[in-house]
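The values are calculated or read from the model by the stated rules, or taken from the named source; none is laboratory data. Keep in mind that this is a model prediction, so the values were computed, not measured. Here the Cβ positions follow ideal geometry from the backbone for every residue, glycine too, while neighbour counts run over all protein chains shown.
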Amino acid sequence: MDSNDIAEKGTLPSDMNEKGPNLPLDTSESPVKTYTSWIPRIKTNRQQKVILALACVYYPFLAWSVYKGRTRVDLVNPAGTASVSDAYLEGLSGQGWSFTTMQDRIDQPTGEQGVFFSQSLDHEHHKGDKHKHGDHKHHRPPFRHITPSQAEEIFFKVPNNDSAAAEHMAGTGNDHLSALNLKAEWEAYLGLPYSAPYENVFEAGSAENQAAVRGLENATQSQVWVDTYYPIMNKPVSRSLDILLPEGNGLIEWSATLREDIVEGDPTSVLRDEVAVFHGLSVSGNVTAPILFVGYGTKRDFEDLERAGIDAKGTIVLVKYGKVFRGLKVKAAQEAGALGCLIYSDPGDDGEITIDNGYEVYPNGPARNPSSVQRGSVQFLSSYPGDPSTPGYPAYKNATRVEGGNQPSIPSLPISYADALPLLKTLEGKGKLAREVGQSGDWPGGLKDVEYFTGPSEKQVRFINEVDTKVTPIWNVFATIPGHIRDEVVVIGNHRDAWVLGGADPSSGTASVNEIMRGFSALLEKGWKPLRTIVVSSFDAEEMGLIGSTEWCEDFGDWLGKNVVAYLNVDVSVSGSNLGMSASPSLAHLMRHAAMQVEHPTDKNRSLWSMQDGGDWNTFNQEIKGLSADIDYEEMFASELKVKALGSGSDYTAFLQRYGVASTDMGYGFGPNDPVYHYHSIYDSYTWQEKYGDPGFHRHVAAAKVLGLMALRVANDIVLPLNISQYSLELSTYLEKVSSIAAGMGVTDQLDFAKLHENIIELQNASSALDNQAADALKRLSKLIPEVPHRRHGRHCKGVKGLWRKAVRLVKSALGIQGRPSHYEQKFQDPKGNALQTRARHHGKHPESGHKNKHGKGKHPHHGHKRPHMPMPDPKKVKAIKQVLLEIRAINQKLAHYESGFLSKEGLKDREWYLHKGTAPGKWLGYGATTFPALTEALTIEKSTSLAQKEANELAEMIGKMAERLHAA
């Protein structure tokens, strides 16, 4: 398969001879060639004078227009049909003929050596500044040449603490209004005219909705719109939880409050009933039964209970939050025969910051408020995410509905530890000591007023949950920035909905994305245009089960597979001080390097990458709590890059797990030494964030800078910064993990992984060969593109003399006449006049700003109108440049579609929605990732060596085909 074939598979124009209207491959058909062949026919001095006179009139005017930014000399005729290499060439020119690669960045010093983007930049936006309607600008300046490094410098000056803090007032209005407000705000950032509230709000499935996304390949202007989907969701109606008197007549001994306290010091706590205590997608029920304590309620905990001779059937189980996704706790209880499930947050999981260690409770101190409750969805996330009634297809208003297969059939409720304590007291002395049942010894919690027993209780507990379940509209908001290459798209995403106030989840992430939008706005104000199209998304109903993002992906799955090169997600950007990063292995280096180039928020001698200030949970649990560590094979065989594999739990799930788009997720989590994060509680508020979560909002800004830096690099790098060689190497680690599991089970001799190992090695070789091809293509490209000289200080040509020199250069460039080399060019020529291959030239990097000058500290003399003339390439080299760019396009197609090579047609066993066989949420984990999931779970869950062998053979075939595609010419 040649590069043309690869490009065609990327849905490129069929005209692959690359004859763009202004820059044809064949110079015999070039207008420039026509000019040069026309010159010898000028026979008379009179003709020469006439032509010279015309040139003296026209070219100074053209030079003046270009110089003042009034006219853009396009590389591609807008009226023509541009080919893919035309788009690449236009983009390369738009970046000032400057490019860099991930390898260049890896070779450069990073933040760990003290070279990073500073957090203390002079901000252009000051405290109290907000984007007001009166400041709304409807026009952007003409296109200007901004190099990728200049774009990063401009972007980094924008995010700041004050504006990040201002964005936290979320959760108090209705969802529809928040979508319309965001639409207006993004219109302002992009310089678009304000639309009326009812304008650019589309029904999912409508022609407008489809055109907004599928028409991006032809879009030349930014857009903002809202899509409306119609999933099944529920709302709380009523709830109660009582311990009954033993007489059996239904009299109540004790009732749970099932409400959080209104507290002085957090004024928004009065909104505690805005979203009552309940579980999203739970079912209505009225049950009376004994209570039974089952540790963390994991699948293994129920198996341990059964081995201890205690039956959960016919009981209401009480379990702690932690370890696995809450919905899987309800699923495990349901499968064990329980009638209902209660889940509470135990202070034993709060690390060092507890009442027993002398800390006051929130809001007077950083310890957990006893009344706090973690709301959340109890969808069976590892079965499938999204609308329960439309699995695999979008939830349009008129969609055909099915009975949800990812919802519980028993009722559940979240409760506080203050309400859990009386229930635990009814269990004292009943059943077995909790510490004697769980294998890890972690069943007992941190409440000192009770000894933890399993039960069941002698007293009966009555538990009522009533919810209203119906089709409910949700609203996703999108903004687009068209790039030069419009069929290669990077998507940035965050969700907007919150459980109550959402000070951290999701408003911290929303604030970071807002800062990114402000950074993009600053770039657009300077005439910037990205190489690739950027889509920024605000998804709705994530908290109910990743619904907004899943329905959108199911709606545009074919478009995603062909056009989206990466999805960059942020959910909770700040809930503590431990930086956490997860990604497809191909994006791990990008994440790591970006974090190493951003300064630590409070320590200028460190980078963000080293930020684990909240302490380590494994160390705390083993050394402080004295717990034995569970065998975690994923942790044992984790990547040395310290970027984790992606499982589920946020909006990247559908992008990665069903449509094979390389994805990332990042944010600061809380460690054992951090103030307790009141997850999904009324106390997850602006007050908590300002006082304990991130005083000064420094980490919000840092998160925005890392995510923005990644977005700019994916959008602007000429070769996509997807390290598939790293991915291929990690597959060997995945296989080592499976082999270790097989050895632990004593079934190694029943399995043959030789072919799988062989094909992984072949994929590693193919990935390395593609890397070498990309490096060679970039080396050839750097020799072909024009050198942009650095303007010398004190030598700026002004007035008529300057215009004349510009006109002469334009005339000579158009006629193909080689002028006298500049001082800069002479400096890098050998005695024969040949250009020297300097390191900067080899990597396509030209001398850029970084020195001080009279224009101001850190400012480049080329900024604004004082930028050098962007030269056009030698017409004789245009064909060669476009051929190299077409080759790079083919390489990028292979890089972008590498991830989708892991997608299978049949999906994973018992959860066919998940198609990715490289990584998936563990069947009984929900959040956590399992690598080689089908193969791993054939051993760990199904206990079947025959199924494991079948999965190994299918993986081997899949990976072999991936290697073949990379090897294809």
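Residues that are crowded, with 24+ Cβ neighbours inside 10 Å: find the strands (runs of 3 or more DSSP E) completely inside the stretch 502-586 holding 3 or more of those.
Numbers: elements: 532-539, 564-574, 578-583.
Answer list for the stretch 502-586: 532-539, 564-574.
Looking at Ala498, Ala479, which one is touching a residue at least 24 places away in the same chain (Cβ under 8 Å), closer than 24 Å to Val277 by Cα and of a type in the set (A, V, I, L, M)?
Details: Ala479 fails: closer than 24 Å to Val277 by Cα.
Within the list Ala498, Ala479, the selection yields Ala498.
Filter the stretch 878-909 for residues that are in contact (Cβ under 8 Å) with a residue 40 or more places away in the chain, of a type outside the set (Ser, Thr, Tyr) and more than 29 Å from Ala777 (Cα to Cα) and give the result.
Pass one, the stretch 878-909, residues in contact (Cβ under 8 Å) with a residue 40 or more places away in the chain: 878-904.
Still in the list and also of a type outside the set (Ser, Thr, Tyr): 878-897, 899, 901-903.
Answer for the stretch 878-909, where residues must be in contact (Cβ under 8 Å) with a residue 40 or more places away in the chain, of a type outside the set (Ser, Thr, Tyr) and more than 29 Å from Ala777 (Cα to Cα): just Leu903.
Sort through Ala336, Ala420 and tell me the only one that's crowded, with 19+ Cβ neighbours inside 10 Å and farther than 26 Å from Tyr679 by Cα.
Details: Ala420 fails: farther than 26 Å from Tyr679 by Cα.
It is Ala336.
Could you grab me the full set of residues in the stretch 649-683 that are polar (S, T, N, Q) and surrounded by 24 or more Cβ atoms within 10 Å (Cβ to Cβ)?
Ser650, Thr653, Gln657, Ser663, Thr664, Ser681
Can you give me the number of residues within the stretch 587-618 that are in a loop (DSSP other than H, G, I, E, B), over 19 Å from the mean Cα position of the chain (by Cα) and on the phi < 0 side of the Ramachandran plot?
Within the stretch 587-618, the first condition is being in a loop (DSSP other than H, G, I, E, B), and the residues that meet it are 597, 600-606, 611, 613-616.
Going one step further and asking which of them are over 19 Å from the mean Cα position of the chain (by Cα), we end up with 600-606, 611, 613-616.
Next, only the ones that are on the phi < 0 side of the Ramachandran plot stay: 600-606, 611, 613-614, 616.
Within the stretch 587-618, residues that are in a loop (DSSP other than H, G, I, E, B), over 19 Å from the mean Cα position of the chain (by Cα) and on the phi < 0 side of the Ramachandran plot number 11.
Kindly indicate whether Val270 is of a type in the set (Val, Ile, Thr) and surrounded by fewer than 24 Cβ atoms within 10 Å (Cβ to Cβ). If you could, list the steps in order and put the result at the bottom.
On the way: of a type in the set (Val, Ile, Thr): yes; surrounded by fewer than 24 Cβ atoms within 10 Å (Cβ to Cβ): yes.
Yes.
For the stretch 928-938, state whether one or more residues are more than 25 Å from Met581 (Cβ to Cβ), of a type in the set (A, V, I, L, M, F, W, C), modelled with pLDDT under 95 and not in a helix (DSSP H, G or I).
no
Only one of these conditions is not met by Phe539: (1) touching a strand residue (DSSP E or B) at 6+ places or on another chain (Cβ under 7 Å); (2) closer than 26 Å to Val719 by Cβ; (3) at pLDDT 95 or above. Which number is it?
(2)
Exactly one condition in (1) loosely packed, with under 15 Cβ neighbours inside 10 Å; (2) assigned by TED's automatic domain parsing to the domain that holds Asp387; (3) in contact with a strand residue (DSSP E or B) (Cβ under 6 Å, 6 or more places away or on another chain) is not met by Glu208; state its number.
It is condition (2) that Glu208 fails.
Within the stretch 364-396, can you find the residues that are under 11 Å from Pro675 (Cα atoms) and not small (Gly, Ala, Ser)?
If we filter the stretch 364-396 for residues that are under 11 Å from Pro675 (Cα atoms), which is where we start, we get 365-368.
Scanning the stretch 364-396 gives Pro366, Arg368.
Could you give every pair whose Cβ atoms fall below 6 Å, whose first residue belongs to the stretch 230-245 and is touching a residue at least 24 places away in the same chain (Cβ under 8 Å), and whose second residue is of a type in the set (Phe, Trp, Tyr), counting only separations of at least 6 or pairs across chains?
Hits for this filter: Pro236/Phe278; Leu241/Phe463; Ile243/Trp254.
Could you list all residues from the stretch 746-787 that are among the β-branched types (Val, Ile, Thr) and not in a helix (DSSP H, G or I)? Explain how you work it out, then say what you get.
First pass over the stretch 746-787, keeping only residues among the β-branched types (Val, Ile, Thr): 747-748, 760-761, 785.
Selection gives Val747, Ile785.
It is to be established whether one or more residues within the stretch 756-774 are among the aliphatic types (A, V, I, L, M) and surrounded by fewer than 17 Cβ atoms within 10 Å (Cβ to Cβ).
Restricting attention to the stretch 756-774, the residues satisfying the condition of being among the aliphatic types (A, V, I, L, M) are 756, 760-761, 763, 766, 769-770, 774.
Next cut, surrounded by fewer than 17 Cβ atoms within 10 Å (Cβ to Cβ) only: 761, 769.
There is at least one residue in the stretch 756-774 that is among the aliphatic types (A, V, I, L, M) and surrounded by fewer than 17 Cβ atoms within 10 Å (Cβ to Cβ).
Can we say Val467 is in contact with an Asp or Glu (Cβ under 9 Å, 6 or more places away or on another chain) and either outside the structural domain of Ile624 (by TED's automatic domain parsing) or in contact (Cβ under 8 Å) with a residue 40 or more places away in the chain (or both)?
No, not satisfied.
Can you list the helices (runs of 4 or more DSSP H) lying wholly within the stretch 117-230 that have 2 or more residues being among the acidic types (Asp, Glu) and modelled with pLDDT under 90? Before you say what the answer is, go through the steps one by one.
Details: elements: 148-156, 161-166, 175-189, 207-214.
In the stretch 117-230, the matching helices (runs of 4 or more DSSP H) lie at 148-156.
Out of curiosity, is Ala333 in a loop (DSSP other than H, G, I, E, B) and among the aliphatic types (A, V, I, L, M)? Working first, answer last.
Working: in a loop (DSSP other than H, G, I, E, B): no; among the aliphatic types (A, V, I, L, M): yes.
Spelling it out, it is not the case that Ala333 is in a loop (DSSP other than H, G, I, E, B) and among the aliphatic types (A, V, I, L, M).
Do we have Ser607 as touching a residue at least 60 places away in the same chain (Cβ under 8 Å), farther than 20 Å from Leu722 by Cβ and not basic (Lys, Arg) here? Lay out the reasoning, then the answer.
Details: touching a residue at least 60 places away in the same chain (Cβ under 8 Å): yes; farther than 20 Å from Leu722 by Cβ: yes; not basic (Lys, Arg): yes.
Answer is yes for this residue.
Does Ile310 satisfy the criteria of being surrounded by fewer than 24 Cβ atoms within 10 Å (Cβ to Cβ), in contact with a helix residue (DSSP H, G or I) (Cβ under 7 Å, 6 or more places away or on another chain), in a loop (DSSP other than H, G, I, E, B) and not assigned by TED's automatic domain parsing to the domain that holds Thr619? Before you say what the answer is, go through the steps one by one.
Working: surrounded by fewer than 24 Cβ atoms within 10 Å (Cβ to Cβ): yes; in contact with a helix residue (DSSP H, G or I) (Cβ under 7 Å, 6 or more places away or on another chain): no; in a loop (DSSP other than H, G, I, E, B): yes; not assigned by TED's automatic domain parsing to the domain that holds Thr619: yes.
No: the conditions fail for Ile310.
Table: residues versus (1) among the acidic types (Asp, Glu); (2) in contact with a helix residue (DSSP H, G or I) (Cβ under 8 Å, 6 or more places away or on another chain); (3) modelled with pLDDT under 95; (4) more than 29 Å from Glu964 (Cα to Cα).
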| position | (1), (2), (3), (4) |
| --- | --- |
| Tyr727 | no, yes, no, no |
| His757 | no, yes, no, no |
| Glu762 | yes, yes, no, no |
| Ser767 | no, yes, no, no |
| Leu770 | no, yes, no, no |
| Arg780 | no, yes, yes, no |
| His790 | no, yes, yes, yes |
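Within the stretch 296-318, how many residues turn out to be in contact with a Lys or Arg (Cβ under 8 Å, 6 or more places away or on another chain) and within 12 Å of Glu335 (Cα to Cα)?
The initial filter retains those residues of the stretch 296-318 that are in contact with a Lys or Arg (Cβ under 8 Å, 6 or more places away or on another chain), namely 296-298, 308, 310.
Among the residues that remain, those that are also within 12 Å of Glu335 (Cα to Cα) are: 297-298.
Matching residues across the stretch 296-318 total 2.
From the residues in the stretch 620-648 that are surrounded by fewer than 24 Cβ atoms within 10 Å (Cβ to Cβ) and β-branched (Val, Ile, Thr), which one is farthest from the chain's Cα centre (by Cα)?
Ile624
Scan the stretch 324-350 residue by residue and report those that are within 30 Å of Glu264 (Cα to Cα) and over 29 Å from the mean Cα position of the chain (by Cα). Break it down into steps so the answer makes sense when it comes.
Taking the stretch 324-350 and keeping what is within 30 Å of Glu264 (Cα to Cα), we get 342-350.
Passing the criteria: Leu342, Ile343, Tyr344, Asp346, Pro347, Gly348.
Just wondering, is there one or more residues in the stretch 654-675 that are under 29 Å from Tyr734 (Cβ atoms) and touching a Pro at 6+ places or on another chain (Cβ under 8 Å)?
Within the stretch 654-675, the first condition is being under 29 Å from Tyr734 (Cβ atoms), and the residues that meet it are 654-669, 671.
Applying the additional criterion that residues be touching a Pro at 6+ places or on another chain (Cβ under 8 Å) yields 654, 657.
For the stretch 654-675, residues under 29 Å from Tyr734 (Cβ atoms) and touching a Pro at 6+ places or on another chain (Cβ under 8 Å): present.
Please state which one of Ala395, Ala399 is buried (at least 23 other Cβ atoms within 10 Å of the Cβ) and in contact (Cβ under 8 Å) with a residue 40 or more places away in the chain.
Working: Ala399 fails: buried (at least 23 other Cβ atoms within 10 Å of the Cβ).
The unique qualifying residue is Ala395.
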